[in-house]
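**Q** My questions all concern the structure below.
The values are calculated or read from the model by the stated rules, or taken from the named source; none is laboratory data. Keep in mind that this is a model prediction, so the values were computed, not measured. Every residue, glycine among them, receives a Cβ derived from its backbone with ideal geometry; neighbour counts consider all protein chains shown. Surface accessibility is based on the protein's heavy atoms, side chains included, excluding ligands, DNA and RNA. Shrake-Rupley method; radii C 1.70, N 1.55, O 1.52, S 1.80 Å.
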Amino acid sequence: MLGPLTNTIQGVVNFTWPMILISTVIMVSFRLCYLIKNHQRPIIYKELLMLSFAIYILCLFQVVTFQDDVSWSSNNFIPFKEIFRYDITSRLFIKNVIGNMIMFLPFGFFMSYYLNINKLHLPMILTIIASTSIETVQMCIGRVFDVDDIILNLLGGILGYLLYIIIKKVGNILPNIFKSEWFLNIISIIILISIIVIII
């Protein structure tokens with residue numbers, strides 16, 4: 001399962017890397033100027049989280065509006081119709097079902113982190129709003145509206161929220177050394193390098 005999923009992620013990176021590179025240079029230079037001008041010390045793990053969130057939103061926009069990926073299928077307003085159409089071991093199941101869930105997992109995590117959400121209803125509402133807007137725009141630009149994508153995106157958003165809750169609960173019981181700024185900075189750098197190695 002990881003092979004096709006990794007290939008899908010690499011495919012996304014292949015056509016988004018120019019946007020990622022340009023946006024990263026602009027955002028990092030702007031942020032550094034802001035910190036220097038206001039005599040603020042950067043906290044690496046927080047800066048990397050903000051940058052990751054911004055890049056995620058830009059990638060999400062590019063993926064859902066990419067015109068060469070137009071589907072020839074018709075709009076689907078029947079829940080679970082498309083989900084159950086795929087064989088669970090097929091590449092299309094991994095790409096269209098698992099992929100749609102994973103695509104919104106960061107959304108659920110970042111949203112919960114920045115809003116400090118402790119209850120599930122708000123992540124669900126915000127994910128539905130975001131996913132429905134994406135599907136509606138896709139229908140308007142020549143792609144298709146698929147209610148199953150909204151369902152899968154919602155599941156991904158919930159998984160992101162649960163990931164945030166798990167990390168938060170684990171963090172509360174860890175010794176203070178594991179919550180120190182230098183430790184979190186090192187962990188965030190290791191995670192970033194690992195992600196880069198995986199997708200390249």
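**Q** Just tell me which lysines come within less than 30 Å, Cα to Cα, of Lys37; anything on the same chain fewer than 8 places away is out.
**A** Cα-Cα hits under 30 Å: Lys46, Lys179.
**Q** Give the lysines reachable from Lys81 as a straight Cα distance under 23 Å; neighbours fewer than 8 places away on the same chain don't count.
**A** Straight-distance partners of Lys81: Lys95.
**Q** With the calculation restricted to Cα positions, what are the radius of gyration and Dmax of region 123-172 in angstrom?
**A** That works out to 13.8, 47 Å for Rg and Dmax.
**Q** Can you put Thr65, Thr16 in order of accessible area, largest first, using a 1.4 Å probe?
**A** Thr65, Thr16
**Q** Which value, in debye to the nearest 20, describes the size of the charge dipole of the chain about its Cα centre when Lys and Arg Cβ atoms bear +1, Asp and Glu Cβ atoms bear -1, and nothing else is charged?
**A** 680 debye
**Q** Compare Leu159, Leu105, Leu35 in a GNM of the chain, Cα atoms joined below 10 Å, and give the one with the largest fluctuation.
**A** Between Leu159, Leu105, Leu35, it is Leu35 that shows the largest mean-square fluctuation.
**Q** Using heavy-atom solvent-accessible surface (probe 1.4 Å) with all chains present, what is the largest-first order of Glu47, Glu181, Glu135?
**A** Glu181, Glu47, Glu135
**Q** Ignoring everything but the protein chains, give the 1.4 Å probe accessible area of Tyr113 in square angstrom, nearest 10.
**A** Accessible area, nearest 10 Å²: 70 Å².
**Q** Taking all protein chains together and a probe of 1.4 Å, list Lys169, Lys95 from the most accessible to the least accessible.
**A** So, going from the largest accessible area down, we get Lys169, Lys95.
**Q** So what is the accessible area of region 96-200 per residue, in Å², with the probe set to 1.4 Å?
**A** Result: 55 Å² of accessible area for each residue.
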